[in-house]
Structures are given as C-alpha cells and as structure tokens.
Amino acid sequence: MPAEKTPQDRGQPAFQRIAAELRAMILDGTLSSGQKVPSEMELKERHGVSKMTARNALVSLRDQGVLESRHGKGFFVRSFRPIRRNATKRLSKELWGGGQSMWSVDVHDRPMTPVTEVPVATSPSIEVARTMDLTSEDQVCKRSRIYTVEGVPVMTAASYLPMDIVAGSPIMQIDTGAGGIYARLADLGHEPRRFREELRSRMPSPEEADRLQMGAGTPVMHIVRTAADEAGRIVEVNIMLLDASRFIMEYDFTD
C-alpha cells in the first residue's frame, strides 16, 4: 500500500520524497553499509509511482554518493568509508621530516596507491606564475598524480615547483624518496616553513569527473596549497581535486 503523504510531501516531487526516505533509513541504520536497497519494482509498489520515478530516486542517491550501483544486481548502500583529511596534521614537519607520507595520516593502514606521471619542465600558467612571482619565461617542474584508496580514485594533484631550485634534484624523479618533495626541498635549502590552503567546492568538468570515475551531480573540493620557505619564497603550488563524496575535512587547532 502506498505510503500516505504529509502536507509537506505534497509539494515535493515523488522521487525526492522516496530518496529522502531511503536516506533516512541509511542514517538511522535500517539500511547498513553494503546492504542492497529496495529495487525499482519494490519502490514502485510501495509508493504507488512509476518505475521511472523509483529509478530516479535511486539514481539521485547514487549521484550524491550515497548509493552505488552494481551491474545486474541493483543499488547498494555505499560501502566506501570516507577519508578523514586532517590538513593540520598532514602538513606537520614531524611527519614529512621523519620520512613519512602525508597520506599516512589520512588512510592509516588502508591500501593507497599513488600514480605519478613523469615530472616535466613547463611554462607556468598565469595563476601559478602570479602566485610564485614568476614570468612567462620562467620554468616550473610539474608533478601530476592520481591517488586511489582501496582501488577507488579519490584525488588528483598537480604540484608546481621553481626549476631554478629543483632542476637536477630527486624532485625531478617519479620517486622523490622518504618524506617526499618537502623533505627534498629541505635538502636543497628551501625547507617549507609556512603553508596556506584555499578550498572551494564546485562541479567537475567532464574530464575531471571521468578521471575520478565520479557519478553525475557529485561536486569536487578544489584545494590550492602554497608552501613558502623561511625567506617567504613560494616553493610549491599544489592544485588538488578531491571527490567530495569520499572525504571528510578535519582541522585541529590549539590556542
């Protein structure tokens, strides 16, 4: 028998009402992580709607990152555990200065695979040149990476570093060694001493969504980080795109 509509429900599209009910069932634990949710036919009969309306409800939750679809099997509550990204901890010198990866703070013992393209020398974009106080004739080292956690693409990143600092150094190699590029910058006499991150949310381009294998309707978090040395020179600009459905942003502050 179809569920009775409340006065508030009557002004809401049916697929949104069904989606809200399913979301509530996930939040209260009625539907748990990895569990199959009611099928289109079950929702059709329960709510007295068309099969297309029932499907739209399921697809909307999939596009929001709440559900995942499995070919020939239906829709399931997303089982991927969000990554807690703690910006203050991951940029600590105790971490990279001790030869650890910043990702060890985020994923702990979860399987994580970074894929790094061969670093290249290139001209900076207008944004990067302005931030690093470079001219169009200056060169930067570009390091592009994509990160997967438990086999799921979660983030892309591109770092830009001044070639007059990093030319001929391990930073121009795929594997920069323990502690990553910040440890290598310290070796070169340009240890990062100050970091700044700007974060905004936006919708991805089709190419960005394809690279991160994102469903329609899911935003990305666009983060631009700058690292400055003791003299105040910007020694890195890092432009990151995070699948917003995969992350929780966490910050620790002390007085």
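The values are calculated or read from the model by the stated rules, or taken from the named source; none is laboratory data. Source: prediction; values computed, not measured. No Cβ is skipped: glycine too gets one built from the backbone with ideal geometry, and neighbour counts run over all protein chains shown.
For this structure, a couple of remarks:
- Matching residues, the stretch 134-154, being in contact (Cβ under 8 Å) with a residue 60 or more places away in the chain and surrounded by fewer than 16 Cβ atoms within 10 Å (Cβ to Cβ): 150, 152
- With a requirement of 1 or more residues that are closer than 22 Å to residue 223 by Cα and modelled with pLDDT of 80 or more, the strands (runs of 3 or more DSSP E) lying completely within the stretch 30-110 that satisfy it span 83-86.
- Count of residues meeting criterion [modelled with pLDDT under 95 and either basic (Lys, Arg) or more than 18 Å from residue 222 (Cα to Cα) (or both)] in the stretch 146-167: 4
- Test: residue in the stretch 35-45 that is within 26 Å of the chain's Cα centre (by Cα) and under 30 Å from residue 240 (Cα atoms): no
- Against the conditions (1) under 20 Å from residue 151 (Cα atoms); (2) touching a residue at least 24 places away in the same chain (Cβ under 8 Å); (3) of a type in the set (Ser, Thr, Tyr), residue 69 satisfies every one except (2).
- Residue list for the stretch 3-29, restricted to those being surrounded by 12 or more Cβ atoms within 10 Å (Cβ to Cβ), at pLDDT below 90, of a type in the set (A, V, I, L, M) and farther than 21 Å from residue 73 by Cβ: 3
- Selection count, the stretch 23-42, where residues are of a type in the set (A, V, I, L, M) and either touching a residue at least 40 places away in the same chain (Cβ under 8 Å) or in contact with a Cys (Cβ under 7 Å, 6 or more places away or on another chain) (or both): 3
- When residues of the stretch 67-102 are limited to those that are within 28 Å of residue 254 (Cα to Cα) and among the charged types (D, E, K, R), the one surrounded by the fewest Cβ atoms within 10 Å (Cβ to Cβ): 94
- Residue in the stretch 43-62 that is more than 21 Å from residue 12 (Cα to Cα) and touching a residue at least 12 places away in the same chain (Cβ under 8 Å) present: no
- When residues of the stretch 116-128 are limited to those that are in a helix (DSSP H, G or I) and out of contact with any Leu (no Cβ under 9 Å at 6 or more places or on another chain), the one farthest from residue 193 (Cα to Cα): 126
- Exclusive hit being outside any loop (DSSP other than H, G, I, E, B) and either in contact (Cβ under 8 Å) with a residue 40 or more places away in the chain or surrounded by 14 or more Cβ atoms within 10 Å (Cβ to Cβ) (or both), set 131, 113: 131
- Residue check, residue 49 among the hydrophobic types (A, V, I, L, M, F, W, C), within 23 Å of residue 21 (Cβ to Cβ) and out of contact with any helix residue (DSSP H, G or I) (no Cβ under 8 Å at 6 or more places or on another chain): no
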